[in-house]
Amino acid sequence: LVVSKTSEAVGMAEFADPFKEIFLQSSSDGEVLCGEEEWKDFFQRFLTSGLCNSDSDFRLVETIWLESCAQSRAFSDSPNPPPPTLSFETLKGGILDAHPVASVSEAKSAASAIKLQAKNLTSLLNNWDPGKLNEEKTRQLLSVLYALEKEHLLQEQKCSSLSKRVREKMERTRLKSLTTSDGDTGVSSAPGIRADEGLANPLMKYKQNVTIVEKAAIKHRVKSVRYHGANSERKGKVAKDAFGFGQTYTDTNRIHCYKGQGSYKGKLVDVMTLVVPKTKVSSGSLTAAWNGYSAHKSLALAPTCVPHAMGFEDDGEEMHFHYEHIPARSLSRVLFERRKKLGTFKLDEFSPIYRHWARELLASLCQLHEQCPHVLLNAYDIGPENCMVARQGTSVRLGRLLWGPVFDPTANAKNSSPKVFFRERECALLRGFGRALRAMLSCEKEEESKKKFVPDTSFSFDIGKCFADQSDENFDPSAPIVFPTSVQVGQRLVIDLPPTSTVPNVQYDTGELGANVLWHKPIVGRVGGSSAGACPMQVVNENSIRRTLASDVSGNSQCVLYASKAGLCDIQIPFYDPALKSMPNANCTITVACEVVPPPCSSTLTAIMGACVEAKDETENFTTLKSLLNHRYFQSLGVRELEDVMSVYEAEFALLGGAGGGGGGGGVL
């Protein structure tokens, strides 16, 4: 409601009023809501829109409707009164009355009134003969002028600050809405979701369904397991533990994985067995083995999360933990081998194989989070190395997971409730999911990739530091001053300007710049002075009546620009002395040559990655794994697209070691 309420006041044409759009969509005549049916349709749309910040806003909107209903009944003498009606202006007026906080328009009105008073006083002074005013009256008039100017600057600063906050909030709301699917039946990532409705509690879910889970686990059991190459003295060759069933154990000389075959539903299937001696390993390793097997067993109802636990055997000397055998390689390994062969390689965001792997990974994470009550010890380190690609690229499971015991609310150090603990785990999984997405789209390291795909909303450019980095030996006051930089579309460029007295051009000035040099407002233009098309960057709050930039007590100034589209532009910030009443020449100007680069992916994926990076254990405005899985961006592929995934994987990834791997140059899929 706050966003919708202030959008009109700010005067920002680029942001539509979603609250009004919802209202008009529910109105049959496009003007008013008439009757209970239209009201219910509007209220349902409002509930699922994500525009509401709190329960009090829900109650406020409902109260306004109930008042309209009461008025329609009170002023009707008929036993069958006409249906109640509610116009958008009435609804908006009720909301504004309930939020009496000073708006941007009020701040602007106050500033305009002060400006008008100053103009009137100036006109009055012009009509007087300054020569006939004595010293006392002159001082009084000047003090009034200074007071008016001070009050005007204060109101202008308040207006600018409020407008900036509103813009930032609307930008965050717009990006946040991209992570909410239309018609989402699951948990929404929009504002207003309460913690007790949106947070998963796998511990409670497991306890409620433990009988069903046990029955499913029994169905997965294998019998009569025989190991490949086994004889009377040994179980055969130690198998490669791709999924890391035994990676947590320090007794590596005694605990091994073996590949074998067992009877399952009347046929032989491959299994991977973790063999743990009972008397020759530490108690910690035995406990870890049991925790891992129990965690996989609790996911018996998860079809595509981890390899299924397929039974346990104890021969008196050793314990045999049987797992489903799935030949797989980690996503990080698949990408590394491809990049090693081609030099550089990345997946295309809109390719079927990228969309399928992203959805399969998200589905696996969602199943793990909702069904497994065990503590995931390496939850904060989940990434592409834990994503196991199998079955010709059509399956992505989770592997190399370090499992602890079932979460015990009474035994954890933080004394956290189950919902808080598992919310923290979910946030860690969301961040790991974002790391995997970036790994598929970029060859850079994680830190560089994160800056590229999830940039900060603002980028600071310090002109004072640029001057400090320059050498004073070859300084030429007459030479143009140009500093290059770059930002991404959607970012704000914050240019920090030092006191003009510290700038070499002012220090070496011979009087051309004037005695009272200030920073002029930035002048933004396309490179080459072309007027075709809009400029890539716009100055924030450029409608200020001041020619110069405001400065703090130390003389530092700042200007803010918003990057709206890709392109090149020059940001000129001249030196200016108000006493000269003329613009300086080009040599008395600092130029910031700025390149606005397009985002590396779609706006929807940018918002999704941003939500993953910002995931934390908040109780409102949170994104969940389930809400992302229900998003249209992660919809399932069709049969033909899955065939494309298999063919691409077979040609580009499965034969990396053979003759069909290809070579030379970079690649994008």
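If I compute solvent accessible area with a 1.4 Å probe over the protein chains, what percent of it on the stretch 365-427 is carbon and sulfur? Please report the intermediate quantities before stating the final value.
On the way: 1290 of 2310 Å².
About 56 percent, which is the carbon plus sulfur part of the accessible surface.
I'd like the carbon and sulfur percentage of the solvent accessible area for the stretch 242-364, probe radius 1.4 Å, heavy atoms only, ligands and nucleic acids excluded. Walk me through the numbers before you get to the answer.
Values: 2520 of 5070 Å².
C and S atoms contribute 50 percent here.
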Which value, in Å³ per residue, describes the convex hull spanned by the Cα atoms of the stretch 411-455?
92 Å³
Could you point to the residue in 336, 347, 319 farthest towards the positive end of the stretch 309-410's charge dipole, with +1 and -1 charges on the Cβ of Lys/Arg and Asp/Glu respectively?
347
Here the stretch 355-476 gives, from Cα atoms, an Rg and Dmax in Å of 21.1, 72
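Enter the per residue convex hull volume of the stretch 203-359, computed from alpha-carbon coordinates, in Å³ rounded to the nearest integer. Could the numbers behind the result be given before it?
Details: hull volume 27.4 nm³, N = 157.
So the per-residue hull volume is 174 Å³.
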Considering just Cα atoms, how many Å³ per residue does the convex hull of the stretch 361-424 enclose?
89 Å³
Under the Kirkwood approximation for Rh and a Cα-based Rg, what ratio Rg/Rh is obtained for the stretch 271-427?
1.02
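The values are calculated or read from the model by the stated rules, or taken from the named source; none is laboratory data. Remember, predicted model here, so these are calculated numbers, not experimental data. Positions of Cβ are backbone-derived with ideal geometry, glycine not excepted, and every protein chain shown enters the neighbour counts. Surface accessibility is based on the protein's heavy atoms, side chains included, excluding ligands, DNA and RNA. Shrake-Rupley method; radii C 1.70, N 1.55, O 1.52, S 1.80 Å.
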